[in-house]
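The values are calculated or read from the model by the stated rules, or taken from the named source; none is laboratory data. Note that the coordinates shown come from a computational prediction; the quantities given were computed from them, not determined experimentally. All Cβ positions, even for glycine, are placed from backbone atoms using ideal geometry, and neighbour counts span all protein chains on display. Surface areas here come from the heavy atoms of the whole protein model, side chains and all, with no ligands, DNA or RNA. Shrake-Rupley method; radii C 1.70, N 1.55, O 1.52, S 1.80 Å.
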Amino acid sequence: MDESISDNDCEFINANPDYDTTSTLDDEETIESNYTPQNVKDSGYSDIGDPIIECIHCGALMWYQEKTEKRKHSDVPKFQLCCGNGKVVLPLLNEPPPLLKHLLFDDNDTDCINYQQYCRLYNIMFAFSSPGMKFDNRYQSAGGPPNIRIHGQTCHRIGSMLALDGETPKFAQLYIYDTENEIHHRMKGIGHNPNVNPETVRKLKLMLDEFNTHAKIFRMAADRLKDSHVPDLKLKLIVDRSKDGRVYNQPTVSEVAALIVCDVDTGSKRHIILERQSGKLKRISEFHPSYLALQYPLLFPYGEDGFRIGILHRETKAKKKKNKLTIREWLTFRIQTRPTEAHTLLMSRRLFQQFLVDGFTMMESQRLNYIRKH
């Protein structure tokens, strides 16, 4: 028997005596050889090259060795990791605004190099929500590659629209409080860190004001709060979406939030109701569409929806019990490289690392929630 055949192959062949092993193995080796660099073949080095095989369903670039079918139709490989072999359908991310594209992809300008190195710091300056997690920084100065370590229970929290008298405004409150001196307040919030470029902060503020849905909402709230005749104003961040999540992920202002006076009919428990000045923090549900966009405005500069409940798989004739998107499927789709999709996520370096860790905790939270209910 050929030594290249694994134990699993042996079991398959023994169960199928009519199976022609010679031709199939030769075809498989020929196809796999076509995607292995020549220097790898000559040196025996384990590098399998770059992912150059495009998924026929979602367009993600995959390695040939990641295919799901080992024997059948190997010349047109199918992949499970990116889109579940076509069952996951999500809208692709659009190109970032010109400023963010410049900061992410230009390696020559000093402001770009500065942003790329401290993108986590710039993001936290503009985040609408606070990360309810403890970062473990003991291994940051050990000389190894950058890493993100957290411990304890994780969550995202958001406060009232205005800080209590005498308290320093933070996160979303900075979009409302004293907007004429906003850059100073944001720099003060991180202790006037010398690594942060005030001019970059100013440009990012203008970019988010122009393109980000959530920034527009809080600017609207700031204008209404200046009106002394509206003392009991509340901001409702809406959890429901009327548009198909397989097609749309960039909601309008009216779909994301509503300014409400007096009593609020919450409806869903996952709605977020921000009072005028309560001094309390509220936890944002991992299943809220704005969960990630509120925490990572520089990863989702347009305020795109993240994972949300109810997104269906691709329509097929086969009836399946589990036909709704999971957080794991959403994450695995989002972190793939596609020639036709913006690489804002993948090029955000340490901020992307934090996003991955945060996303994994979302996935674990969903699993624990399932166990709790079943």
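Looking at the stretch 194-256, which trypsin sites (Lys or Arg not before Pro) are DSSP coil and have at most 11 other C-beta atoms within 10 Å of their C-beta? Passing sites in the stretch 194-256 are LYS226.
Using DSSP to define loop residues, name the trypsin sites (Lys or Arg not before Pro) in the stretch 273-358 whose beta-carbon has at most 14 other beta-carbon atoms within 10 Å. Mind showing how you got there, number by number?
Details: sites: ARG276, LYS280, LYS282, ARG283, ARG308, ARG314, LYS317, LYS319, LYS320, LYS321, LYS322, LYS324, ARG328, ARG334, ARG349, ARG350; in loops: ARG276, LYS280, ARG308, ARG314, LYS317, LYS319, LYS320, LYS321, LYS322.
Passing both the DSSP loop test and the Cβ count: LYS280, ARG314, LYS317, LYS319, LYS320, LYS321, LYS322.
With every protein chain kept in place and ligands, DNA and RNA left out, what is the accessible area per residue of the stretch 152-310? Probe 1.4 Å, answer in Å².
Values: 7500 Å² over 159 residues.
Accessible area per residue, the stretch 152-310: 47 Å².
Using the 1.4 Å probe convention, the accessible area of the stretch 66-118 works out to 51 Å² per residue with neighbouring protein chains retained.
Against the compact-protein benchmark of 2.2 N^0.38 Å, the Cα-based radius of gyration of the stretch 265-374 scales to 1.22.
Using a 1.4 angstrom probe on the protein heavy atoms only, could you order ILE190, ILE56 from most to least accessible area?
On the way: ILE190 40, ILE56 100 Å².
Greatest to least solvent exposure: ILE56, ILE190.
With 28 Å as the limit on Cα-Cα distance, the pairs of LYS216/LYS280; LYS324/LYS373; LYS170/LYS226; LYS87/LYS134 that go past it are LYS87/LYS134. In plain terms, the chain from SER278 to CYS112 could stretch by 55.9 nm, reckoned as 0.36 nm per residue minus the Cα-Cα distance. Atom-type composition of the exposed protein surface of the stretch 287-374 places 56 percent of the accessible area on carbon and sulfur (1.4 angstrom probe).
If you take the square roots of the eigenvalues of the alpha-carbon gyration tensor of the stretch 165-236 and sort them as a ≥ b ≥ c, do you get rounded (a/c under 1.5), prolate (a/b over b/c) or oblate? Since a/c reaches 1.5 but b/c is at least a/b, the shape of the stretch 165-236 is classed as oblate.
For the stretch 157-209, the residue among THR179, LEU162, GLY191 whose Cα projects farthest onto the positive side of the dipole built from Cβ charges is GLY191.
Tell me, how many Å apart are the Cα centres for the stretch 200-262 and for the stretch 46-65? For the stretch 200-262 versus the stretch 46-65, the Cα centre distance is 39 Å. Proximity of backbone amide H atoms, modeled 1.01 Å from N, is registered between HIS156 and GLY132, ILE284 at under 5 Å, excluding neighbours fewer than 5 places apart on the same chain.
Sites listed here are GluC sites (Glu not before Pro) in the stretch 293-356 whose DSSP assignment is loop and whose Cβ has at most 12 other Cβ atoms within 10 Å: GLU315.
When the Cα gyration tensor is reduced to axis lengths a ≥ b ≥ c, the ratio a/c is 1.5 or higher for the stretch 313-374, and with a/b not above b/c it is classed as oblate. Taken one residue at a time, the phi angles of the stretch 159-175 give Karplus couplings (6.51, -1.76, 1.60, θ = phi - 60°) of x, 6, 5, 10, 6, 5, 4, x, 9, 7, x, 9, 6, 4, 4, 6, 7 Hz. Gly and Pro are set to x. Amide H contacts under 5 Å for ILE53: MET62, TYR64, restricted to partners 5 or more places along the chain or on a different chain, H placed in the peptide plane at 1.01 Å from N. Between rounded, prolate and oblate, where does the stretch 109-223 land on the alpha carbon gyration tensor, with a ≥ b ≥ c its root eigenvalues, rounded for a/c under 1.5, else prolate if a/b exceeds b/c? The shape class here is oblate.
Full extension of the chain between ARG367 and ASP136 gives 80.7 nm of extra length, using 0.36 nm per residue less the Cα-Cα distance.
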